[in-house]
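Any read-out appearing in this document is the output of simple, stated calculations on the displayed coordinates, not a laboratory observation. Model, not experiment: these values are computed from the prediction. Glycine also receives a Cβ, built like all others from the backbone with ideal geometry; neighbour counts cover every protein chain displayed.
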Ligand code: ADP
Ligand code: ASP
Ligand code: MG
């Protein structure tokens, strides 16, 4: 007998027939004798609906009130699933974040979990209950409801699995595992048997929203056995593993992409020490995260400076940059939000030279111009024009041999 944490995402609890189907599945695990903690998301579309309601009332609602509002979606599904389990003769109890006591910091709408008090959950499990916990939410020191950022139910599940030392954390969703790239974009995308925590973290950070970044961080830190599976199809899913030295790893595990960034350029700034700080200091002080940065010096001893920020931060960043431009006597400020970032990710890159040139060659062959480049030990990212995104992902997917047809036996 083992202890399993199972998380069901929005589409998996999107209507009553699906909630009934989830209840059947949980009941089967229970009948096999496992202890089960279930984490649920809100019904699909519900969190967006609640955010839209708030925006009808106020342009920038107080984050505390946003959290009170958006956390309601998950409370609904915990109760409905508990009822569906009860109907099947399975003892079940719903719990919201503050009842469990998922203690977070007070950073409303993007809170971090500090501590989980697992005592009540353990007692319920010992009494034979399936505990159905609301994902995405917690409570701060002052008793205020907090939420963990979009996609945060994944993190609730992994954190509970870590606290309870569960045998496995199963993330059930609308795809049957982690793919070499988003299967909704590339038909030939292929399910991975295994992916390392490190690769999964880069994939998630670079835009593959199949798992929330923090969930992967948590799983890696606490060594939580983590698996992504389809809610309603049988199959092994994808196991997120520690890196195995002897594992015959393909060079590239997958391709991630993200359309959430925008690019800003300030031209003709003095090429002197401190200029990067003069530009990026005020951006950072405004709590705006900067991603890719490129500086080039032109023949007149002036420098051009280009960097990317989240698309929703663009108006504010541009405002700040125009101010900075005046102070520095810069020639021009321009911006572009029609960009996208494409990344190839793989731990195999460490021991294989030539990944970057293969990537650039593949993009050149389909006539895609690279605007910016950035690398880490196991990832290379390029910024390109957004209109070429799908073409780029497809070209890279096949260049690195990830397409289903080109799959060699046993490389997964
Ligand atoms: P849930 O509501 O269950 O949390 P999400 O929508 O958050 O589901 O995540 C699942 C989706 O992630 C899939 O439908 C798929 O389109 C997308 N996705 C993006 N990249 C990948 C990838 N590499 N592998 C699998 N799914 C991916
Ligand atoms: N319901 C939340 C969201 O849509 C959390 C989640 O689904 O993981 O972001
Ligand atoms: Mg999700």
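Could you work out the percent of alpha carbon pairs in the range 1-104 separated by over 23 Å, rounded to a whole number? List each step's numbers first, then the result.
On the way: 1789 of 5356 pairs.
Considering the range 1-104, 33 percent of its Cα-Cα pairs are separated by more than 23 Å.
D by Stokes-Einstein for the range 307-356, Kirkwood Rh over Cα pairs, 20 °C, 1.002 mPa s: 153 µm²/s. Put a dot 7 Å past the Cα of residue 295, heading toward its Cβ, do the same for residue 361, and the two dots end up 3.3 nm apart.
What does a probe at residue 398 reach in the range 180-213, counting residues whose amide N is under 11 Å from the point 7 Å along Cα→Cβ? The answer is 188.
Helical runs assigned H by DSSP (4 residues or longer) give the chain a calculated mean residue ellipticity at 222 nm of -10500 deg cm²/dmol, each run adding -39500 (n - 2.57) before division by the residue total.
Would you order 230, 352 from fewest to most other beta-carbon atoms within 10 Å of each residue's own beta-carbon? Numbers along the way, then the final one.
On the way: 230 16, 352 13.
Ordered by Cβ neighbours within 10 Å, fewest first: 352, 230.
Taking the range 207-332, how much of its Cα-Cα pair set, in percent, is spaced more than 23 angstrom apart?
Values: 4174 of 7875 pairs.
Cα-Cα pairs of the range 207-332 separated by over 23 Å account for 53 percent.
Sort out for me the Cα centre separation of the range 189-237 from the range 368-401, rounded to whole Å. Distance between centres, Cα-based: 21 Å.
One decimal place: the segment residue 374-residue 331 gains 12.9 nm when fully extended, by the rule 0.36 nm per residue minus the C-alpha distance.
How high is the FRET efficiency between residue 123 and residue 64 when r is their beta carbon distance and R₀ equals 25 Å, given to the nearest 0.05?
0.25
Which whole-number value in Å³ per residue fits the convex hull of the alpha carbons of the range 314-412?
Working: hull volume 14.0 nm³, N = 99.
Taking the convex hull of the Cα positions in the range 314-412, it is 141 Å³ per residue.
Taking the fewest neighbouring Cβ atoms within 10 Å as the starting point, the ordered list for 85, 3 is 3, 85. Exposure proxy shown here: for 337, 299, the number of other Cβ atoms within 10 Å sets the order, fewest to most, as 299, 337.
Pairwise Cα distances in the range 47-103 exceed 13 Å in 67 percent of cases. Each label was represented as a point 7 Å from its Cα along the Cα-to-Cβ direction; for residue 316 and residue 105 these points are 1.6 nm apart. Based on C-alpha pairs under 8 angstrom that are at least 6 apart in sequence, the range 117-239 has a relative contact order of 28 percent.
Scattering from the chain was approximated by placing one identical point on each alpha carbon and applying the Debye formula without solvent; log10 I(q)/I(0) at 0.07, 0.10, 0.12, 0.14 1/Å stands at -0.38, -0.76, -1.04, -1.28. Set the Förster radius R0 to 30 Å, insert the Cβ-Cβ distance between residue 223 and residue 31 as r into 1/(1 + (r/R0)^6), and round the FRET efficiency to 0.05. Efficiency for this residue pair is about 0.55.
Could you tell me the ratio Rg/Rh of the range 43-160? Both radii from Cα atoms, Rh via Kirkwood.
Working: Rg = 14.6 Å, Rh = 14.7 Å.
Looking at the range 43-160, the ratio lands at 1.00.
How high is the relative contact order of the chain, given as a whole-number percent (alpha carbon pairs under 8 Å, six or more residues apart)? Intermediate values should be presented prior to the final figure.
On the way: 884 pairs, mean separation 55.2, N = 412.
The normalised contact order for the chain reaches 13 percent.
The alpha-carbon atoms of the range 84-135 define a convex hull whose volume equals 65 cubic angstrom per residue. Applying the Kirkwood pairwise sum to the alpha-carbon positions of the range 182-241 produces a hydrodynamic radius of 12.1 angstrom. Size of the range 239-302: Rg and Dmax of its alpha carbons, in Å, are 19.2, 54.
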